[in-house]
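Derivation of every value follows stated rules applied to the coordinates shown; laboratory data play no part. From a predicted model like this one, the values you see are computed outputs, not experimental measurements. Cβ sites come from the backbone with ideal geometry, for glycine too, and all protein chains shown count toward neighbours.
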Amino acid sequence: MTRARPQRSWALQLPDGGTIAIERDTIIGRAPTDAAHPGAALVRIDGYEKSVSKSHLLLLLAPDGLSVRDLGSVNGVFLVRSNGAEVEVSANSPVRLEVGDQLDLGALVLEVTRS
C-alpha cells in the first residue's frame, strides 16, 4: 500500500531568518489593505519603508501552486529564479513561483520555500 505524502505548505523566508506561512491568498506590504483582493491575508513588513509599498504584492495560492502579482508598487517586484534568471512581475499577469525563487522588492528579498 502506498501512502500519500503530506502536502507541504508554502512559505517565504525573511532576511532575518523568520518565515511567513502562506495559507491563503496573501497581500504583503508596509501597511497592506485587501482592497485589491478582498479576503486575502495581510502581512505587514516593517523596516523597509523606502522600498516596500503599502500593498506591494499579492501571492495567489492554488491547489497546483503559488503565483505572485505586483499590486502597482513603486519599486516593482523582480523574481530571481534559482538558476539566476530574472523576471519582472507585472500587475496584469501572475508569475508562477518555485521553491528557491527570490522575490526582490528593492532592499527586501524574500525566498520562496516549502515547509
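Farthest towards the positive end of the charge dipole of the chain, among the residues 63, 20, 51, is the Cα of 63, using unit charges on the Cβ of Lys, Arg, Asp and Glu. Counting every other Cβ atom within 10 Å of each residue's Cβ, 74, 43 order from fewest to most as 74, 43. Coupling constants for segment 91-103 follow from the phi torsions by the Karplus curve (6.51 cos²θ - 1.76 cosθ + 1.60, θ = phi - 60°), and in residue order they are 7, 8, 9, x, 10, 5, 9, 10, 4, x, 5, 10, 9 Hz; glycine and proline get x.
Looking at the chain, the DSSP beta bridges with both ends there are about 90 percent antiparallel. Considering only the other residues whose Cβ falls under 14 Å of the Cβ of residue 39, what net charge follows from Lys and Arg at +1 and Asp and Glu at -1? Its environment carries a net charge of -2. Working note: Cα gyration tensor of segment 10-114, eigenvalues times five, square-rooted, sorted largest first, giving semi-axes of 17, 16, 14 Å. Only Lys, Arg, Asp and Glu carry charge here, each on its Cβ (+1 for the first two, -1 for the last two); on that basis the chain has a dipole of about 340 debye about its Cα centre. Between residue 36 and residue 96, the simple spin-label model (points 7 angstrom out along Cα→Cβ) gives 2.2 nm.
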